[in-house]
Each structure stands twice: as C-alpha cells, then as structure tokens.
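The structure under discussion appears below in the form of structure tokens.
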Ligand code: GUN
C-alpha cells in the first residue's frame, strides 16, 4: 500500500479563501476582525512565526497589530499591556508568542488573557470548556489536525487514536478533540512501556514528540492514518518530521508530510479563531 498524502498547505489555502469572503461580510456589518500579537525579545524562530501570522492576516483581511517588546520587559509591564488589550473593544484576538524570556511566568501570562480573546485556546477556562464538550477557541494545531481528517472524510468515531506526546499545546488537546469525535484515545509518552504495542493497534496515529524520525513504518498498522506534527530542523538545514515518511507511507492509508502538512494549518486555525471572536462582537 502507498498512502495518500494529506497536504495541509492545500487545505489551508482553501480555508483562507473561504475566510477572506467571511471577513468581507463581517466588515460590511461594521466590524474589522483584529488580531494583536505580542512578541517579547527577538528569538528568530518566533519572529518568523509572527511574520507568518501577519501574512495570513493580510491575505484574509484581518487587521493585525504587532507589539514588539524588548527581552527586558518585566512581567508586570506585559500583564498591564494585556489588561489594556482585554479592555479594547477593537481587539478580538490576543496572542503572546511563546516562548517568553525566563523571568516571565508563561502560565501567568496565558491566564491574564481574557478567555474571550484567547485565540490560541491556551487559557485554562477554554481548555476546561473543550474538555466538557463546549464550543470555544480550540488550540490551533490540534483543531487543524481534526480539519485535515475531516477534509478527507476519514472516520474518527470508534477508531483507536494513539497520541504520542503529551504537551499542553498539541498532545493533550488533540486527544481531547479526538475523544469529542468519539475516538478511543490512548496517550503515549516518554515513560510509556512497550510503545510498539500501542502503535500497532492505532487506526489514527498522531506523533508530536519533536524528535526527528521517532517513528518509522515498522510497527504501523496497515491502513493507519498517520499525522506527523513534528517540525525538526536537521543538520543540513532542512525540516523533517517525527515520522520517517518513506517507510510509514508504505504502511499507512493516509499520511501528512513535513513540511506542507500540519504546520500551515496552525496559522489558518488561528485566523479562524480570530474571525470567530470578531463574530461574537457583531
Ligand atoms: N509558539 C510556538 N507555537 C505557538 C503557538 O501556537 N502560539 C503561541 N502563542 N506561541 C507559540
């Protein structure tokens, strides 16, 4: 078998075109969706992600503000700025680019953002809403993965979904969203024993560990759907996933590539959350 490749880049483009029309309609009703991004310090990777967010906003017609702060900014200054943005009716989405400098407590910052403007879906209130099956801002990468599965009409209900990785940003929430779609979910992580036995029974395998080629085709169940969330820069400067693509593709029915797979969906879902927030203000 050779799997069909699911290109998040293509789905992303399609969704962004739909969003462009949606934003034009919202603007006719007098509201311009606004995403305000705060970047503290000058980490090159963060700067590049932020540029991607601005580019997508421009394309769709979302107003984007970038607030750049020096790496010496105190936690109090940052919290004060967030309060101002929480109270600004023209701001619909607030995103503080992570990671933050060591002297700033990330969790305090995440919790300072109003849950109604938390387009990252990181606030404990929004995580709680997600876990209790309510509609809210879902974390962007996990939500993007669900959209990729749905775009190919891949059944989720009753399937065994195995999530490798338990980060707050990807692993934990993607398991919750799969559960919401009625999958049977298993989480594997660095302390899991005999991980192969779980991989071998996964109908849907989500790999989000950040280790190049952590998984290859050996234990993958024939016909499984393999979603690779890894974005790892290797020695030659190229990007590679957590899955060894060529051997996994021989076993899977669907597989996502790196790059052009899950990555582009994250920003697109962020745009979707910003639009959703603006619509709540109509
Ligand atoms: N840094 C890396 N990914 C993300 C993300 O999705 N949101 C934020 N705020 N920071 C990030």
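Is there a residue being away from the ligand (no atom under 13 Å from the Cβ), over 21 Å from residue 278 (Cα atoms), at pLDDT 95 or above and out of contact with any strand residue (DSSP E or B) (no Cβ under 7 Å at 6 or more places or on another chain) anywhere in region 80-100? Lay out the reasoning, then the answer.
First, the residues of region 80-100 that are away from the ligand (no atom under 13 Å from the Cβ): 80-81, 83-92.
Still in the running and over 21 Å from residue 278 (Cα atoms): 80.
After this cut, where a residue has to be at pLDDT 95 or above as well, the list is 80.
Subsequent filtering for residues that are out of contact with any strand residue (DSSP E or B) (no Cβ under 7 Å at 6 or more places or on another chain) retains 80.
Checked region 80-100: at least one residue is away from the ligand (no atom under 13 Å from the Cβ), over 21 Å from residue 278 (Cα atoms), at pLDDT 95 or above and out of contact with any strand residue (DSSP E or B) (no Cβ under 7 Å at 6 or more places or on another chain).
Going through region 125-137 one residue at a time, which ones are within 15 Å of the ligand (Cβ to nearest atom) and out of contact with any helix residue (DSSP H, G or I) (no Cβ under 6 Å at 6 or more places or on another chain)?
127 - this is the single residue of region 125-137 that is within 15 Å of the ligand (Cβ to nearest atom) and out of contact with any helix residue (DSSP H, G or I) (no Cβ under 6 Å at 6 or more places or on another chain).
Got at least one residue in region 10-33 being within 29 Å of residue 105 (Cα to Cα), buried (at least 19 other Cβ atoms within 10 Å of the Cβ) and in contact with a strand residue (DSSP E or B) (Cβ under 8 Å, 6 or more places away or on another chain)?
Checking region 10-33: at least one residue is within 29 Å of residue 105 (Cα to Cα), buried (at least 19 other Cβ atoms within 10 Å of the Cβ) and in contact with a strand residue (DSSP E or B) (Cβ under 8 Å, 6 or more places away or on another chain).
Looking at region 10-32, can you tell me whether even one residue there is in contact with a helix residue (DSSP H, G or I) (Cβ under 6 Å, 6 or more places away or on another chain), within 19 Å of residue 115 (Cα to Cα) and at pLDDT 95 or above?
No; the residues of region 10-32 include none that is in contact with a helix residue (DSSP H, G or I) (Cβ under 6 Å, 6 or more places away or on another chain), within 19 Å of residue 115 (Cα to Cα) and at pLDDT 95 or above.
Taking residue 145 and the conditions (1) in contact with a strand residue (DSSP E or B) (Cβ under 7 Å, 6 or more places away or on another chain); (2) part of a loop (DSSP other than H, G, I, E, B), which numbered condition does it fall short on, given that it satisfies the others?
Against the list (1) in contact with a strand residue (DSSP E or B) (Cβ under 7 Å, 6 or more places away or on another chain); (2) part of a loop (DSSP other than H, G, I, E, B), residue 145 comes up short only on (2).
Restricting attention to region 148-169, which residues are part of a loop (DSSP other than H, G, I, E, B) and either buried (at least 19 other Cβ atoms within 10 Å of the Cβ) or in contact (Cβ under 8 Å) with a residue 24 or more places away in the chain (or both)?
Pass one, region 148-169, residues part of a loop (DSSP other than H, G, I, E, B): 152-159, 165-169.
Correct list: 152, 154, 156, 157, 158, 159, 165, 167, 168, 169.
For the structure I just gave you, tell me whether residue 258 is crowded, with 19+ Cβ neighbours inside 10 Å, touching a strand residue (DSSP E or B) at 6+ places or on another chain (Cβ under 8 Å) and not in a loop (DSSP other than H, G, I, E, B).
Numbers: crowded, with 19+ Cβ neighbours inside 10 Å: yes; touching a strand residue (DSSP E or B) at 6+ places or on another chain (Cβ under 8 Å): yes; not in a loop (DSSP other than H, G, I, E, B): no.
Criteria not met by residue 258.
The values are calculated or read from the model by the stated rules, or taken from the named source; none is laboratory data. Given the structure is predicted, the values throughout are model-derived calculations rather than measurements. Glycine gets a Cβ as well: all are built from the backbone with ideal geometry, and neighbour counts include every protein chain shown.
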